[in-house]
Amino acid sequence: MASSIDFDRFKVIPLSLTSICSCHSHHLPSTSSQFHHSSTRTLSLSRPRCSISRIGLFLDGSRVTEVSGIPRSIFLKHPRIITAVARAEPGHLFDDESKEEVNKRNSTPEGEISTSELKEKNSQLKKRVVFGLGMGILVGGVVLTGGWVFTVALAAAVFVGAREYFELVRSRGIADGMTPPPRYISRVCSVICALMPVVTLYLGHIDVSVTSAAFVVAMALLMQRQIPRFAQLTSAMFGLFYCGYLPCFWVKLRCGLAVPALNTRLGASWPIILGGPTQWTVGLVATLISISSIIAADTFAFIGGKAFGRTPLTNISPKKTWEGALAGLGGCIATSVVLSRTFCWPTSTLSAVAFGFLNFFGSLFGDLTESMIKRDAGVKDSGSLIPGHGGILDRVDSYIFTGALAYSFVKMLLPLYGV
């Protein structure tokens, strides 16, 4: 509701509205008040030797509710609108024509605005659903195929994600407080990140390659013509770790754990043309359960937060709530247990619960990490590659840390890889 401040009966009082607009001054007739725009972005309203009976200041954070004589374009550029309404004695401050124009503009039904907004939201929702289903089918086929197809697809996603990350680092919100790496360093790091999954599949490990890549990037930063900054080194090293090293664990999980899932009934009847029973390995089953659990966690967290969300989870992402997080945790664990019964892996229900628990916290931590980067960058999405979803990082942020946790759980904590 708009609030008003009334000033009754005053003479020769200048009214200063600071930083309302950056437009040129609009001069009213000589019998009316005049607007003067100073170099300090101050709009002054003065009426020498005129007795003004009443001035009301109406504050509205959404839209102009009452404007008399002042062009509407002045206020539309600013989220917080200050409208000065003045009514003078015998010689009216504003003429009838201006009042009629304002009344006509203010008579726009609110229903039309809400209808257009509703149509836009429905359009965005349709885009999200269509592209989400398309990506789901594509990712499912790539995961089932495995091998070089899975690795090359992951490398392509890593390259795009790395480019988005370094663009976020160069954004105004982050670059104002630090010196970002030079563009050629960002491009080299993006290529190195894309090569890491390929090297992981070829060599079976990535540790030596990551160390060598970090050394090369650090030397390139130290040898640049400009004075090197520590912020350049840290942002580049984190980019190699975040966008390159961590996604490699999905290759190790899907392609490295080649132990057959002996108890999987679905694998026993799998067509020979699609790889036969040997296609169903522990790596494939663990990858499918992990990805499905993350999808369930995001879905249940969204629904639970919308329906019951009251308590904010963290300041990094104000829309996330504890109620939504608990709903996501329950959905993630339930999905992990159901799929473990379907694939007969892992054989222990307790292991399935622990696997779902781990997947949830990995996805939540990855989501919050990317939200922190975007918050510092001052952007809503990391990119615009996927209509209705944003960039690659916006879609895979929940998977970045989860691959490493899932691989470590299966490799180190499950006896006989859960078979």
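The values are calculated or read from the model by the stated rules, or taken from the named source; none is laboratory data. Just so we're clear, the structure is a prediction, and the values are computed from it rather than from any experiment. So basically every Cβ, Gly included, is an ideal-geometry build from the backbone, and we count neighbours across all protein chains shown. Remember, those area values only see protein heavy atoms, side chains included, never the ligands or the DNA or RNA. Shrake-Rupley method; radii C 1.70, N 1.55, O 1.52, S 1.80 Å.
What about ALA352, is it under 27 Å from ASP376 (Cβ atoms), open to solvent by less than 40 Å² (accessible area, probe 1.4 Å) and either out of contact with any strand residue (DSSP E or B) (no Cβ under 8 Å at 6 or more places or on another chain) or not acidic (Asp, Glu) (or both)? Can you show your working first?
Details: under 27 Å from ASP376 (Cβ atoms): no; open to solvent by less than 40 Å² (accessible area, probe 1.4 Å): yes; either out of contact with any strand residue (DSSP E or B) (no Cβ under 8 Å at 6 or more places or on another chain) or not acidic (Asp, Glu) (or both): yes.
The answer is no for ALA352.
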Completion exercise
Scanning region 394-419 residue by residue, those within 14 Å of LEU368 (Cβ to Cβ) and either touching a Pro at 6+ places or on another chain (Cβ under 6 Å) or of a type outside the set (Ser, Thr, Tyr) (or both) turn out to be ASP394, ASP397, ILE400, PHE401
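Going by what's in this entry, would LYS374 be described as part of a helix (DSSP H, G or I), basic (Lys, Arg) and either open to solvent by 10 Å² or more (accessible area, probe 1.4 Å) or within 30 Å of GLY173 (Cβ to Cβ) (or both)?
On the way: part of a helix (DSSP H, G or I): yes; basic (Lys, Arg): yes; either open to solvent by 10 Å² or more (accessible area, probe 1.4 Å) or within 30 Å of GLY173 (Cβ to Cβ) (or both): yes.
So LYS374 fits the description; yes.
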Handout entry: For SER382: the one exception among (1) polar (S, T, N, Q); (2) in a helix (DSSP H, G or I); (3) open to solvent by less than 30 Å² (accessible area, probe 1.4 Å)
Key = (2)
Exercise for the section: Determine which member of the set LEU201, LEU266, LEU262, LEU195 is among the hydrophobic types (A, V, I, L, M, F, W, C), open to solvent by 40 Å² or more (accessible area, probe 1.4 Å) and in a loop (DSSP other than H, G, I, E, B). Expected result: LEU262
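Matching residues to (1) under 30 Å from the mean Cα position of the chain (by Cα); (2) in contact (Cβ under 8 Å) with a residue 40 or more places away in the chain:
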{"residue": "ARG265", "(1), (2)": "no, yes"}
{"residue": "TRP270", "(1), (2)": "no, no"}
{"residue": "LEU284", "(1), (2)": "yes, yes"}
{"residue": "ILE289", "(1), (2)": "yes, yes"}
{"residue": "ILE294", "(1), (2)": "yes, yes"}
{"residue": "ASP298", "(1), (2)": "yes, yes"}
{"residue": "SER317", "(1), (2)": "yes, yes"}
{"residue": "GLU323", "(1), (2)": "yes, no"}
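Quick one: would you say PHE150 is under 19 Å from GLY366 (Cβ atoms) and either of a type in the set (Val, Ile, Thr) or modelled with pLDDT of 95 or more (or both)?
Details: under 19 Å from GLY366 (Cβ atoms): no; either of a type in the set (Val, Ile, Thr) or modelled with pLDDT of 95 or more (or both): yes.
Taking the combined requirement at face value, the residue does not satisfy it.
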Exercise for the section: Pairs only if they're at least six apart or on different chains, beta carbon under 7 angstrom, first in region 220-246 and more than 16 Å from VAL210 (Cβ to Cβ), second among the acidic types (Asp, Glu); list them, first residue then second. Expected result: none
Problem - Filtered residue count, region 131-157, keeping only those that are farther than 17 Å from ILE294 by Cβ, touching a residue at least 60 places away in the same chain (Cβ under 8 Å) and loosely packed, with under 14 Cβ neighbours inside 10 Å - result: 1
Exercise for the section: Identify all residues within region 308-338 that are surrounded by 21 or more Cβ atoms within 10 Å (Cβ to Cβ), outside any strand (DSSP E or B) and touching a Ser or Thr at 6+ places or on another chain (Cβ under 7 Å); write none if there are none. Expected result: LYS320, GLY331, CYS332, THR335, SER336
Completion exercise
When every residue in region 385-410 that is outside any helix (DSSP H, G or I) and hydrophobic (A, V, I, L, M, F, W, C) is compared, the one surrounded by the most Cβ atoms within 10 Å (Cβ to Cβ) is ILE400
Problem - Selection within region 164-192 - buried (at least 18 other Cβ atoms within 10 Å of the Cβ), assigned to a helix (DSSP H, G or I) and without any contact (Cβ under 8 Å) to a residue 60 or more places away in the chain - result: ILE185, SER186, CYS189, SER190, ILE192
Problem - Failed condition for ILE291, given (1) surrounded by 13 or more Cβ atoms within 10 Å (Cβ to Cβ); (2) farther than 18 Å from ARG254 by Cα - result: (2)
